[in-house]
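The values are calculated or read from the model by the stated rules, or taken from the named source; none is laboratory data. Everything quoted here is computed from the prediction, not taken from an experiment. Because the Cβ atoms are built from the backbone with ideal geometry, glycine has one as well, and the counts that use them run over all protein chains shown. SASA here: full protein model, heavy atoms, side chains in, ligands and nucleic acids out. Shrake-Rupley method; radii C 1.70, N 1.55, O 1.52, S 1.80 Å.
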Amino acid sequence: MDFSKFRQSGDLSDLTVNVNEQIFKLHKFPLYAKSEYFCKLAHSADVKKVELVGFPGGPDIFSTVADFCYNMKVELTKNNIVQVRCAAEFLQMKGEGNLIDMADKFFNDTITSTKMSRSTSCIASLLLFASTVGELANVSGIVDVCCEALIECWLKPPTKFSSPTNISKQSLDRREDRTINALLSLPLDWYLKLVISARDRGVQSSLLAELSTSYISVLIDRDESEENSSQSTESGEITSKSPRPKSPKKTDIAKVLDNIITVLPEESLFSDVITIEWLTKVIRVATSHNCKCRKLLVKAAGELLCKISAEELCTISPSLLRDIVQESCASGNGQIEKACRIVDTYMSEMVRKGVLTADTFKLLATVVPKDARSNHDQMYNILEYVLTAEREHLSTEQRHELIETVNFTLLNEETLQGALAASVVPANYVAKGAIALCSRLRSDLETARATLQRQDDEIKRLKTAVKRGKSLGTPIMTSSTSSLRDTSFGSLNGARDPELDQLLELPTKDQSTDANAPYTTSEVLSAVRNKLAHTASSSSPYNTFRPLSQEHDISYEEELEYKHDRAFRPLDNARTKVKPMYGPTYRTYSAYSHRY
C-alpha cells in the first residue's frame, strides 16, 4: 500500500509528533512498522501525541526519517548522514533493510572514499556533525570510526589518487585548516580518545602538538571572555552579597590542561609549533588553577628559552621567568649554566632597552646560586646600570643588598678598572676583587715556573743520558719503563738504530756517507733541543710539555711526536738534487722537493 499520499496530506492522521515545537501529523502504523521506539509506545498506552526531546538533527532530520517510514525516497549525503544515523539509533530502527542498516552502508562507503582520497577535512566535518548530535553519535560508533579513519589518513603518505596535480598548495593548506577548526569543537572526551589513539599508533608528535595547542587556546580564550563578561555584569550591579563560588568553567580548564598535556608525547612539547607566547599564557593559567601539568610546561619553556632571541625573551614577565628558571635549576641535568645564560641575556636586553629596575634585578639576580657563574663581569655591568639609573630612589641598605649579588672576586682586570673609575660601588669591593685577581695571577705564575723547571730538568736528564749512552755504547733507559722502549744512539757494534731515527726524526745521512754510521752527540742534542723548543713555542707552556715520569699515560714516542714538525727539513732537501741537462748542478730549496 502506498502511504506517501497520506504522508504529504496528513489525512486520517492518528498520531501527532512534536519536534522542537514543530508539529507532524502522522499515522501510527508506518511508524510502528519501522521503529521499535514507537512500537513500545503503542504497547504501553493509547498514545496520540508524542514529543521528541533532544531529537538528533531536529525537525528537518525527523522529516527525512518520517519519509523513510512511509516508503518514500530518502536522499543521504555527507551533510546529513551522521544526523540520520543517530536519529535511526534514537528511534531504534533496526533490522535488515531498515534505516540503521541503510545509513551504516552509506556511512561506511563515505569513510572508505575519504580514506582513499586522504580527505581529512571530510572526516573532520563528520566529527563536527557528530559533536552537534552529542553522546548518541558516540554510542552509535560514529566517533570511533571517524577517529580511526582520520589516524589512517595521517599515517599513510599521499598517493597519486589522494594528491592530484591540479590541487594547489593553498587549497591543501585551507583543507588542513578546516580539519583543525573542525576538531577544535570536539568534546574533551572525544578529543582525548583521538589523541591517545593517534599517539599509540605513531602519528607525528608535531601534528599532535599543533592540534593540542589550538584546542587549548580556544578553550582558554573562551573561558577568559566568559569570565570578563560575568565580571562586567557584576560591576554594573550594586550588591552586598558574598562573592560567588568558583565557576565550574575554571575547573574544566584545569581538567583540559591536565588531561591533554599529560597524554601528549613529551617530545611534542619541544616541537617548533610550540611558541613562547603560547607557553607563557598556558603556564599562567596552569599556575592560577594549580594544574599538575605545570611542571611539564615549565620544563618545555626552559628548553625553548635557550633557542629564542633576546627580543622574544623579553616578552616574558620577570616573575614567570623566575619560576621557569627555578624549575629548570631544580631539575638538575646541567641546567644551571643554561639558567644563568638566560637570566643574564634577559637583564642585558632590558638594560639595552633602558627598562630594567632594581626590583627586577633583585628578583632575577638571586634566582640562581651565587657560585653558579664562573665570571661575574656581565652581572657587574648590569648592576652598574641599575645603581646609576636609580641612584636617587635607592636607600643605603638597598644599594648594599644589590651590590652583594655580585661576586667581585670573579671580575677580570678590565671590569675592576671600570668599577674603580665609575665609583658606583664602595672601593673596598673593588680592592677585594683586585686582591683575588692578584692571587689568581700568582697561582698561574707559580704553575708556569714549575712547568718550566720540569722542562729544564728533562732537558738536562736527556743530555746526561745521551752522553752516557754515547761514551759507553749502551742503551739509554728512560724513566717511564711501563710505556717506553729501550733506545740507543749506537749499538755495541756501532750500527745505526732505525727506531731512534724515527723517534727523534733525525735526518737521513747523505748518500756519500755510511747510512749505518751512528749519529754524533751534537746531532742528537740538536734534534732534542729543536724538538723541545718547537713544542714549548707552539703552545702555552702550561700544558704542552710533560716530563717523562711514571705518571705519564702516553709513550715517549708520542710525547716527542706531539705537534710534529721536521726540524731538519733542509737536510732532506740536500738529499734531493736536480741535475739539468745544461748548466751547473743546483739544489732546490723547496720544503717539499722530495715529492717531485
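Descriptive notes on the structure:
- For segment 31-100, projected area of the alpha-carbon convex hull averaged over all directions, nm²: 4.8 nm²
- Heavy-atom accessible area with a 1.4 Å probe sorts Arg461, Arg284, largest first, into Arg284, Arg461.
- Within-15-Å neighbourhood charge of His376 [Cβ basis; K, R +1; D, E -1]: -3
- Sites Arg199 and Lys353, calculated FRET efficiency, Cβ-Cβ separation with R0 41 Å, nearest 0.05: 0.45
- Residues Trp154, Trp190, ordered by accessible area of protein heavy atoms at a 1.4 angstrom probe radius and largest first, appear as Trp154, Trp190.
- Segment 250-286-segment 399-430 distance, computed between alpha-carbon centres (Å): 43 Å
- Normalised size of segment 31-157, defined as Cα radius of gyration per 2.2 N^0.38 Å with N residues, equals 1.13.
- When each of Lys299/Lys353; Lys193/Lys307; Lys25/Lys73; Lys255/Lys307; Lys25/Lys105; Lys78/Lys255 is checked by Cα-Cα distance, pairs over 23 Å: Lys299/Lys353; Lys193/Lys307; Lys255/Lys307; Lys25/Lys105; Lys78/Lys255
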